[in-house]
Amino acid sequence: MRLATLRLAADRLRRGVLAAGAFVMVVAAAAFLAHLPPDRGAATGNERAAPSVADVQAAYDRAALSADGLHDGDIRIVGVDCRPGTGMRFSCQVGFVKSEFDPARVFLDTALVERTPKGWTLARGLCRRLI
Amino acid sequence: MGESAFSAASAATLSLCAAFGVFCATANTISANTLAEPQVFASENGLLNLLIIAQPGKVDGLTTPGFAPTGWFYTVCPRPRTGDSCPAGAGSSHSYGGFRLALQPGDELKIRLINNLPLLPPASLEWIHDDPLLALNPTNLHTHGLIVPAAANTTPPPDIPVYGDFILTALFNYNGGNPKDDPAQYDPGAYAQLHAHTDVVYNRLSAMDYDIRLPKTHPAGAFWMHPHVHGIAQNQIAMGMAGIVSVGKVASYLCYDAGCADPVPESSVRHLILKDMQVLAGDIPQYQQDPEFCSGSRAWNGVCSGNPENYSGGNWFFTVNGQQYPTIPVSKAQGEVWRFTNASASASYRLQLIDNATGRPIAFQLIAIDGVAVGFPEGADAGQTEGALRDRFTVASCGKWNGVYALQPICASEIVMMPSSRVEAAVAYRDPSGNLVSPPQGASATLRTAGLDTGPGGDPWPAVNLAAVNFVSGPAPASAQPVHVGAQAANAILSQGSLINPLGARPQPAAAGACKPLPSGHHRRVYFANPNVPGASDGPGTDPWGNAIFGLGFEEIDQSGHSVPGSFVDVTQFDPAQVICLPLGPGQTPVLETWELVNLATELHNFHIHQTKFSHVSPAVAMSGPPTFVTYATGVLEDSVPLPFAKPGPGSQPVLDPEATSCLVSDYKSGKCAATSVWVQIPFTQLGTFVFHCHILEHEDGGMMHVIRVVPSSS
């Protein structure tokens, strides 16, 4: 084996060790985060945690109660996928079902939900759905 | 070809082109610009699994110097095992001209669609006031003409949603901005208009999936696919977003002999995708098309120049498979089968094949319309054929033929193709009487659109040469006979009593509310017109921003021809909250309805319905009782049809106000406006929520669309 090849092999080995080390650290961090208590909207020091299905459902239910005629009362949220937006806002892909339709039909909308001192509020989206 | 013969032919060509009022620079030359077939993606073992990415790309098939604009079209490849990008090079398609998906009946079509489209200047969009999210350039897919379920999504986030042929959804580019995140750059007040809307799909992959299963009995023929987001469909198709779909093999319905011992091979089929793009000076494509782009200007090969007043330096291109004025060599002695698809957003074509030597049209033999072979019994009278073919074809002689034909050969000297229509035609050299003859040395023709004016209130679609056609001379074709249309033709499908039986329909509890079958003997009347709305800024039928708006009205008519009390809904723009709902028949059987289509506008409209096809029916049959498949025009099954424009009389809105381009329903009912109804019978077999609309996409985007829902029956 030539010297250059040996150096290349050593370099690959070193990179592999570093990558393995980094992987272990990421896994450990993920395991640590997974054991954190779920965020329920209050400012607990983990303000950037994304809202859960229950958080968005609660925000929606409060908005629907405001009775502006734009929100139906029978939306049951079945899935969310959120990313941080500006400030305390998250933009979310939201999936929901409606009682008047086949329960297998999952409607999709986007919503802006915002963490406030009173909990999660619906800033925009998830309005009346008729199709 | 010798030089002298070439020169003589060229001289004849140029003189004929001059006679048509167009300039032909290269007709009858053997060109390097030979028409190429769209790239094919074929199913294997019953599955076609693709990645389709909507993204910008260079339109590189234009031969006019200085023009290679950036359009939007699809990159297509077999779905990679990992990742959501297509490898460059062979195996991927990235062409403005389009692609072809080759499916077989019974296949499963799976697509991952990615939206990589750019944001748009809001001011460039006509319908931005109705939906500010259009500036984010959302998209989706519709498999036009396929008789498949309109299945909605059943997958919750964070997984990628999965749809059937369902268009009431909009996929956003994740990197283009959150649809609800930054309303400041649009009109925040307009969000109030969006509280009833379609699915909004927004995920990190900018992706949605499609899973579409074709029934094993699906007709074989030509179909296509395109985006269908309301308000921006025209823009996206005008920028190039369309491909075609073929189902089955041509041999399943077309043969050279009566017994079909000699079926037409796939190698004889040529696919022609007609697209158009308006490009402003500076090579900038125009998102919002203007039918008068070329008014008063000259046209030549594959292009007309922008009118000096508004579009100086611009060009309007008309391409075949993305190529400007390609050459088509017809080298097979028995000719070829050409499958035309009008994949333009709004433009209509009046196709002719002009013999360059005589200046007379060479007849096409009509094979199929909208993906179903035509089937008129031999001896069908002219009233039967022309009744079914009116407004779409100018019927011509097929010449003399020998032998027995189970179905009568039909020929046409002109083919009118409104947006979305597909026509299959046998093309071979014919003499002026329509007889198939050996082409003379150097025989050539020009495929052209002769221009189409869609009515007093309509659009002047220009006359443009589309392609040069060269016939290879030689001995007379062995058969010298029209081809035989065989099994699977429209008459056979109709005689079976249904198109396709519903798939997967299971009884469900009695549908609530308005989801009731149409009573026996009743039919639906649908009005096509320009609605009048408060605040119209440019006369009747316009919106507060001066845009022409379009709509539909409805009425249920009983067996005596009377309007059912409470059923009338005046003409309004598209509202996704308004739904026609009907259940399948007992035992989940198809439901056949009769519709009377009444165009009150002074321009043509182009009715199209998803998930099914329809046949024409005579008013007498339609009014005599419950609908049956006993139609007066059994020869064709269509999914789009032109609707003749109305003739306003004294006292009607267009006569009282010259700016108005449609009558009112009250004008029609009081006899002040004459309209020719088109009667159709529609079998509903596929479950789901889908739409019908005018397929002139300026009109669809402007509101001429309605939702229909088919649900299982309760028994």
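Has segment B:287-295 got at least one residue that is buried (at least 24 other Cβ atoms within 10 Å of the Cβ) and modelled with pLDDT of 95 or more?
yes
Look through segment B:154-168, keep the residues that are facing another protein chain (nearest Cβ under 7 Å) and more than 15 Å from B:ARG709 (Cα to Cα), and return whichever of them is surrounded by the most Cβ atoms within 10 Å (Cβ to Cβ).
Taking segment B:154-168 first, the residues facing another protein chain (nearest Cβ under 7 Å) are B:154-158, B:161, B:168.
Still in the list and also more than 15 Å from B:ARG709 (Cα to Cα): B:154-158, B:161.
Values: B:THR154: 15, B:THR155: 18, B:PRO156: 21, B:PRO157: 23, B:PRO158: 13, B:PRO161: 25.
By that ranking, first place goes to B:PRO161.
Collect the residues in segment B:53-68 that are touching a Leu at 6+ places or on another chain (Cβ under 7 Å), within 22 Å of B:SER85 (Cβ to Cβ) and either of a type in the set (Gly, Ala, Ser) or exposed (fewer than 14 other Cβ atoms within 10 Å of the Cβ) (or both), keeping them in residue-number order. Working first, answer last.
Residues of segment B:53-68 touching a Leu at 6+ places or on another chain (Cβ under 7 Å): B:54-55, B:68.
If we keep only those that are within 22 Å of B:SER85 (Cβ to Cβ) too, we end up with B:54-55.
B:ALA54, the sole residue that qualifies.
Of the residues B:ALA123, B:ALA135, which single one is in contact with a Pro (Cβ under 9 Å, 6 or more places away or on another chain) and not in a loop (DSSP other than H, G, I, E, B)?
On the way: B:ALA123 fails: in contact with a Pro (Cβ under 9 Å, 6 or more places away or on another chain).
Result of the check over B:ALA123, B:ALA135: B:ALA135.
Restricting to segment B:540-583, count the residues that are part of a strand (DSSP E or B) and over 29 Å from B:LEU687 (Cα atoms). Show your work before the answer.
The initial filter retains those residues of segment B:540-583 that are part of a strand (DSSP E or B), namely B:542, B:548, B:551-557, B:563, B:569-572, B:579-583.
Of the ones still in play, those that are also over 29 Å from B:LEU687 (Cα atoms) are B:542, B:548.
Summing the residues that are part of a strand (DSSP E or B) and over 29 Å from B:LEU687 (Cα atoms) in segment B:540-583 gives 2.
Let me spell it out: the conditions are (1) over 16 Å from A:ALA59 (Cα atoms); (2) more than 8 Å from chain B (Cβ to nearest Cβ); (3) at pLDDT 90 or above, and A:ILE77 meets all of them except one. Which number is the exception?
Of everything listed in (1) over 16 Å from A:ALA59 (Cα atoms); (2) more than 8 Å from chain B (Cβ to nearest Cβ); (3) at pLDDT 90 or above, A:ILE77 misses just condition (1).
How many residues are part of a strand (DSSP E or B) and among the hydrophobic types (A, V, I, L, M, F, W, C) when one looks only at segment B:111-120? Spell out the reasoning first.
Keep residues of segment B:111-120 that are part of a strand (DSSP E or B), which gives B:111-115.
If we keep only those that are among the hydrophobic types (A, V, I, L, M, F, W, C) too, we end up with B:111, B:113-114.
Number of matching residues: 3.
Under the condition of being assigned to a strand (DSSP E or B) and of a type in the set (Phe, Trp, Tyr), which residue from segment B:315-335 is farthest from B:GLY442 (Cα to Cα)? If you could, list the steps in order and put the result at the bottom.
Filtering segment B:315-335 down to residues assigned to a strand (DSSP E or B) leaves B:315-320, B:323-324, B:327-330.
Filter once more, keeping what is of a type in the set (Phe, Trp, Tyr): B:316-318.
Numbers: B:TRP316: 31, B:PHE317: 28, B:PHE318: 26 Å.
This residue is B:TRP316.
Filtering segment B:595-620 down to residues that are modelled with pLDDT under 95 and part of a strand (DSSP E or B), which residue is nearest to the other protein chains (Cβ to nearest Cβ)?
B:PHE614
Name the one entry in B:ARG339, B:ARG390, B:ARG350, B:ARG360 that is more than 14 Å from B:ALA450 (Cβ to Cβ), modelled with pLDDT of 95 or more and of a type outside the set (Ser, Thr, Tyr).
Working: B:ARG390 fails: modelled with pLDDT of 95 or more; B:ARG350 fails: more than 14 Å from B:ALA450 (Cβ to Cβ); B:ARG360 fails: more than 14 Å from B:ALA450 (Cβ to Cβ).
The match here is B:ARG339.
Tell me which residues, restricted to segment B:543-582, are farther than 19 Å from B:TRP679 by Cα and either of a type in the set (D, E, K, R) or within 14 Å of chain A (Cβ to nearest Cβ) (or both).
B:ASP543, B:ASP570, B:PHE574, B:ASP575, B:PRO576, B:ALA577, B:GLN578, B:VAL579, B:CYS581, listed by residue number.
Out of the residues in segment A:80-114 meeting the condition of being touching a Ser or Thr at 6+ places or on another chain (Cβ under 9 Å) and closer than 17 Å to B:TYR163 by Cα, tell me which one is surrounded by the fewest Cβ atoms within 10 Å (Cβ to Cβ).
Looking only at segment A:80-114, we keep the residues that are touching a Ser or Thr at 6+ places or on another chain (Cβ under 9 Å), and these are A:80, A:82-85, A:88, A:91-95, A:102, A:104-106, A:108, A:110-114.
Still in the list and also closer than 17 Å to B:TYR163 by Cα: A:93-95, A:102, A:104-106, A:108.
Details: A:GLN93: 26, A:VAL94: 30, A:GLY95: 25, A:ASP102: 13, A:ALA104: 11, A:ARG105: 14, A:VAL106: 24, A:LEU108: 26.
In this case the residue turns out to be A:ALA104.
Just to be sure I understand the filter: pairs with C-beta atoms under 7 Å, separated by 6 or more residues or on different chains, first member in segment A:94-108 and more than 8 Å from chain B (Cβ to nearest Cβ) and in contact (Cβ under 8 Å) with a residue 24 or more places away in the chain, second member of a type in the set (A, V, I, L, M, F, W, C) and not in a loop (DSSP other than H, G, I, E, B). Which pairs pass?
Pairs found: A:PHE96/A:ILE75; A:PHE96/A:ILE77; A:PHE96/A:VAL78; A:PHE96/A:PHE107; A:LYS98/A:ILE75; A:LYS98/A:PHE107.
Which residue pairs have Cβ atoms under 9 Å apart, sit 6 or more places apart or on different chains, and have a first residue in segment B:99-124 that is within 17 Å of B:ASP211 (Cβ to Cβ) and a second that is acidic (Asp, Glu) and not in a strand (DSSP E or B)?
If the second residue must be acidic (Asp, Glu) and not in a strand (DSSP E or B), the pairs left are B:ARG112/B:ASP84; B:ILE114/B:ASP84.
Does segment B:645-657 contain at least one residue that is modelled with pLDDT of 95 or more, in contact with a Leu (Cβ under 8 Å, 6 or more places away or on another chain) and closer than 24 Å to B:TYR349 by Cα?
To start, the set of residues in segment B:645-657 that are modelled with pLDDT of 95 or more comprises B:645-657.
Right, trim to in contact with a Leu (Cβ under 8 Å, 6 or more places away or on another chain) and you get B:645-646, B:652-653.
Now drop any that are not closer than 24 Å to B:TYR349 by Cα, which leaves B:645-646.
Taking every residue of segment B:645-657 in turn, at least one turns out to be modelled with pLDDT of 95 or more, in contact with a Leu (Cβ under 8 Å, 6 or more places away or on another chain) and closer than 24 Å to B:TYR349 by Cα.
Can we say A:ALA59 is more than 12 Å from every other protein chain (Cβ to nearest Cβ) and crowded, with 23+ Cβ neighbours inside 10 Å? Before the answer, list the steps.
On the way: more than 12 Å from every other protein chain (Cβ to nearest Cβ): yes; crowded, with 23+ Cβ neighbours inside 10 Å: yes.
The answer is yes for A:ALA59.
Working only within segment B:69-97, note down all residues that are of a type in the set (Gly, Ala, Ser), farther than 17 Å from B:LEU48 by Cα and buried (at least 17 other Cβ atoms within 10 Å of the Cβ).
Selection gives B:GLY71, B:SER95, B:GLY97.
Take the residues of segment A:83-93 that are modelled with pLDDT under 90 and within 7 Å of chain B (Cβ to nearest Cβ): which is farthest from B:SER206 (Cα to Cα)?
Here the residue is A:GLY85.
Would you call B:GLY587 assigned to a loop (DSSP other than H, G, I, E, B), more than 22 Å from B:ILE500 (Cα to Cα) and more than 23 Å from the chain's Cα centre (by Cα)? Let's see the steps before the verdict.
Numbers: assigned to a loop (DSSP other than H, G, I, E, B): yes; more than 22 Å from B:ILE500 (Cα to Cα): no; more than 23 Å from the chain's Cα centre (by Cα): yes.
So B:GLY587 fails the test.
Being surrounded by 17 or more Cβ atoms within 10 Å (Cβ to Cβ) and either β-branched (Val, Ile, Thr) or not in a loop (DSSP other than H, G, I, E, B) (or both) is the filter here; which residues of segment B:301-314 pass it?
Passing the criteria: B:ASN301, B:VAL303, B:CYS304, B:SER305, B:TYR311.
Of A:PRO117, A:PRO51, which residue is more than 10 Å from chain B (Cβ to nearest Cβ), modelled with pLDDT of 90 or more and buried (at least 18 other Cβ atoms within 10 Å of the Cβ)?
Working: A:PRO117 fails: buried (at least 18 other Cβ atoms within 10 Å of the Cβ).
That would be A:PRO51, the only listed residue that is more than 10 Å from chain B (Cβ to nearest Cβ), modelled with pLDDT of 90 or more and buried (at least 18 other Cβ atoms within 10 Å of the Cβ).
Inspect segment A:61-76 for any residue being within 14 Å of B:ASN203 (Cβ to Cβ), touching a residue at least 12 places away in the same chain (Cβ under 8 Å) and in a strand (DSSP E or B) and give the result as yes or no.
Within segment A:61-76, none of the residues are within 14 Å of B:ASN203 (Cβ to Cβ), touching a residue at least 12 places away in the same chain (Cβ under 8 Å) and in a strand (DSSP E or B).
For segment B:120-129, indicate whether the set of residues that are touching an Asp or Glu at 6+ places or on another chain (Cβ under 7 Å) and modelled with pLDDT of 95 or more is non-empty.
Within segment B:120-129, not a single residue is touching an Asp or Glu at 6+ places or on another chain (Cβ under 7 Å) and modelled with pLDDT of 95 or more.
Being crowded, with 16+ Cβ neighbours inside 10 Å and in contact with a Pro (Cβ under 9 Å, 6 or more places away or on another chain) is the filter; apply it to segment B:32-48 and report the residue that is farthest from B:ILE328 (Cα to Cα).
In the first step, residues of segment B:32-48 are kept if they are crowded, with 16+ Cβ neighbours inside 10 Å; the result is B:33, B:35, B:38-39, B:41, B:43, B:48.
So of that shortlist, the ones also in contact with a Pro (Cβ under 9 Å, 6 or more places away or on another chain) come out as B:33, B:35, B:41, B:48.
Details: B:ASN33: 9, B:LEU35: 6, B:PHE41: 23, B:LEU48: 30 Å.
Restricting to residues being crowded, with 16+ Cβ neighbours inside 10 Å and in contact with a Pro (Cβ under 9 Å, 6 or more places away or on another chain), the top hit is B:LEU48.
Mind checking whether some residue in segment B:703-712 is more than 24 Å from the chain's Cα centre (by Cα), within 14 Å of chain A (Cβ to nearest Cβ) and either within 30 Å of A:ASP102 (Cβ to Cβ) or part of a strand (DSSP E or B) (or both)?
Scanning segment B:703-712 turns up at least one residue that is more than 24 Å from the chain's Cα centre (by Cα), within 14 Å of chain A (Cβ to nearest Cβ) and either within 30 Å of A:ASP102 (Cβ to Cβ) or part of a strand (DSSP E or B) (or both).
Return a yes/no flag: does segment B:687-699 have any residue that is in a helix (DSSP H, G or I) and either charged (D, E, K, R) or surrounded by fewer than 22 Cβ atoms within 10 Å (Cβ to Cβ) (or both). Let's see the steps before the verdict.
Kept after step one, since they are in a helix (DSSP H, G or I), are these residues of segment B:687-699: B:697-699.
From the residues that got through so far, the ones that are either charged (D, E, K, R) or surrounded by fewer than 22 Cβ atoms within 10 Å (Cβ to Cβ) (or both) too are B:698.
Within segment B:687-699, one or more residues are in a helix (DSSP H, G or I) and either charged (D, E, K, R) or surrounded by fewer than 22 Cβ atoms within 10 Å (Cβ to Cβ) (or both).
Assess whether A:ARG124 counts as being assigned to a strand (DSSP E or B), modelled with pLDDT under 85 and within 19 Å of the chain's Cα centre (by Cα).
On the way: assigned to a strand (DSSP E or B): yes; modelled with pLDDT under 85: yes; within 19 Å of the chain's Cα centre (by Cα): yes.
Taking the combined requirement at face value, the residue satisfies it.
The values are calculated or read from the model by the stated rules, or taken from the named source; none is laboratory data. Being a predicted model, the structure only gives us computed values, none of them experimental. Methodologically, a virtual Cβ is constructed for each residue, glycine included, from the backbone with ideal geometry; neighbour enumeration extends over all protein chains shown.
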